[in-house]
Structures are given as C-alpha cells and as structure tokens.
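The values are calculated or read from the model by the stated rules, or taken from the named source; none is laboratory data. In this text the structure is predicted, and so the values were computed from the model without any measurement. The protein model used for the area step is the full one, side chains on, heavy atoms only, and it has no ligands, DNA or RNA in it. Shrake-Rupley method; radii C 1.70, N 1.55, O 1.52, S 1.80 Å.
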Amino acid sequence: AHNAAIRACALGGGFDRHLLALRAIADEQRGDGGELPALFTDPLVAAASTFRLSTSSMDGHFVNYLGGFGPTARDGYGCCYHLRGGPLRFCITSHRSTRASATAFRAALVDALRDMRAALLPPTAKL
C-alpha cells in the first residue's frame, strides 16, 4: 500500500500537488494586486495545504551526499532520512526565527528511536 501511494504521488496523485498547481496558476493569472480565488482563502484549504512536518527518504545514489530541504511551513520542520544499510541518517531543518527547533526535534527523534529499539530488541541484544 505504501509503495502504491508513493507511485501515485510521484505521478501527481497527491491532493497537495493539485492544490499547489492550482495556486500557482491563480497567482500567475492574478498578477500584482489581483484577487485570490475564494478557494485559497478558505481556512480548511489553508490547513490542508500546511504541512508542519515535511519528510522524504533519500535512497540510492544520494546516501553518501545526504542533504536536506527546508520546512514547508514557517513553524515546521524538514526531515530527510536514509534507513537502508549502515547507520540511520537524518537531516533535520527548521527556520531559526520561529518556535520550531531542529535541535529539539532531533532530541525527540533520538528518544523515540531508542524507545523503539528497547521495545523491539531483547534486552541482551548488541548493536
């Protein structure tokens, strides 16, 4: 199911991509000072288009050059990761001028990963 969802999004099947495309068209057509269509002033659409946590895996040739990307929301986080073979790798970003803290996010992620390890591995397992 997850792989099917990834393929659908890569082919433009994610709703957020459609909203983004419609917004780009509206911005282009309205030019400077034009009115934004009502769809984009609706609070529900604004909420559905705001992702405080934007994630993506970095597989294949990117693993040796793990970079990052910025958050998609002003008070959000960007988090890319590589999970295959070797150590887990993450790149976490946030805007400095907001309450979001990449350092705090990292600490919470480390705690969560340790909790998962403790729940899934026998107490005597060595890493």
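Taking all protein chains as they are arranged and a probe of 1.4 Å, the heavy atoms of residue 103 leave approximately 110 Å² accessible to solvent. With a 1.4 Å probe rolled over the protein heavy atoms of all chains, the accessible area of 111, 32 falls in the order 32, 111, largest first.
Ordered from largest to smallest accessible area (heavy atoms of protein chains, 1.4 Å probe), the residues 82, 95 come out as 95, 82.
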